[in-house]
Amino acid sequence: MNFKIDTRDTFTVITPETAEITVNLTGELQRRMEEMRQSGSQNFIVDLQHCTSLSADAIEQMIAMHEESYSGDASLVFTGVTGNVMAALKENESDLVLNIAPKMIEAIDIISMEILERDLFNEES
């Protein structure tokens, strides 16, 4: 599986370079995210700009990745979701469960706000 990976100070952007989002792709994505978490990256933006189709099994794995991220005080935002991919997510209302930002700048804003929220919450505890 080919991914373009761009590591920034507070987040990592992962861009799959394939048209179809399959359970194999999401499995590899999940494995890579886990490796990056081990080395300190906690917050991820997955840019699906090249993806034009999405399997039902992949949706389930995307939701699992989302839940795993947030249960571990990390962030996961999907961006670049359009056309058939968005239609597939809307079919079973997965678009309401996942963090989806229309543009990269909005995805970065979500990550930044969630980092601030966690920092504030940890100060209050």
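The values are calculated or read from the model by the stated rules, or taken from the named source; none is laboratory data. Just so we're clear, the structure is a prediction, and the values are computed from it rather than from any experiment. Reconstructed Cβ throughout: ideal geometry from the backbone, glycine too, with neighbour counts over all protein chains shown.
Observations on the structure shown:
- Scan segment 73-125 for residues that are assigned to a helix (DSSP H, G or I), modelled with pLDDT of 95 or more, among the small types (Gly, Ala, Ser) and farther than 15 Å from residue 63 by Cα and the total you get is 3.
- When residue 114 is tested against (1) farther than 17 Å from residue 11 by Cα; (2) in contact (Cβ under 8 Å) with a residue 60 or more places away in the chain, only condition (1) is not met.
- Filter result (more than 13 Å from residue 61 (Cα to Cα) and among the hydroxyl-bearing types (Ser, Thr, Tyr)) within segment 1-39: 7, 10, 12, 15, 18, 39
- Residues of segment 74-125 classified as among the aromatic types (Phe, Trp, Tyr) and either touching a Cys at 6+ places or on another chain (Cβ under 9 Å) or exposed (fewer than 12 other Cβ atoms within 10 Å of the Cβ) (or both), total: 1
- Residue match in segment 55-72 (condition: within 10 Å of the chain's Cα centre (by Cα) and among the small types (Gly, Ala, Ser)): yes
- From the options 30, 42, residue that is part of a helix (DSSP H, G or I), in contact (Cβ under 8 Å) with a residue 24 or more places away in the chain and out of contact with any Lys or Arg (no Cβ under 6 Å at 6 or more places or on another chain): 30
- Pick from segment 1-27, criterion touching a residue at least 24 places away in the same chain (Cβ under 8 Å) and assigned to a helix (DSSP H, G or I), ranking: farthest from residue 82 (Cα to Cα): 27
- Screening residue 41 on (1) at pLDDT 95 or above; (2) surrounded by 16 or more Cβ atoms within 10 Å (Cβ to Cβ); (3) within 19 Å of residue 111 (Cα to Cα) shows it passes everything except condition (1).
The rows are residues; the columns are (1) in contact with a Leu (Cβ under 8 Å, 6 or more places away or on another chain); (2) of a type in the set (D, E, K, R); (3) closer than 29 Å to residue 40 by Cβ.
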| residue | (1), (2), (3) |
| --- | --- |
| 55 | no, no, no |
| 62 | yes, no, yes |
| 67 | no, yes, yes |
| 81 | yes, no, yes |
| 85 | yes, no, no |
| 93 | no, yes, no |
| 99 | yes, no, yes |
| 103 | no, yes, yes |
| 116 | no, no, yes |
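- For residue 35, the conditions (1) charged (D, E, K, R); (2) in contact (Cβ under 8 Å) with a residue 24 or more places away in the chain; (3) within 16 Å of residue 11 (Cβ to Cβ) are fulfilled apart from (2).
Rundown of residues vs (1) without any contact (Cβ under 8 Å) to a residue 60 or more places away in the chain; (2) closer than 15 Å to residue 16 by Cα, yes/no style:
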position: 46; (1), (2): yes, yes
position: 50; (1), (2): yes, yes
position: 58; (1), (2): yes, yes
position: 64; (1), (2): yes, no
position: 68; (1), (2): yes, no
position: 75; (1), (2): no, no
position: 78; (1), (2): yes, yes
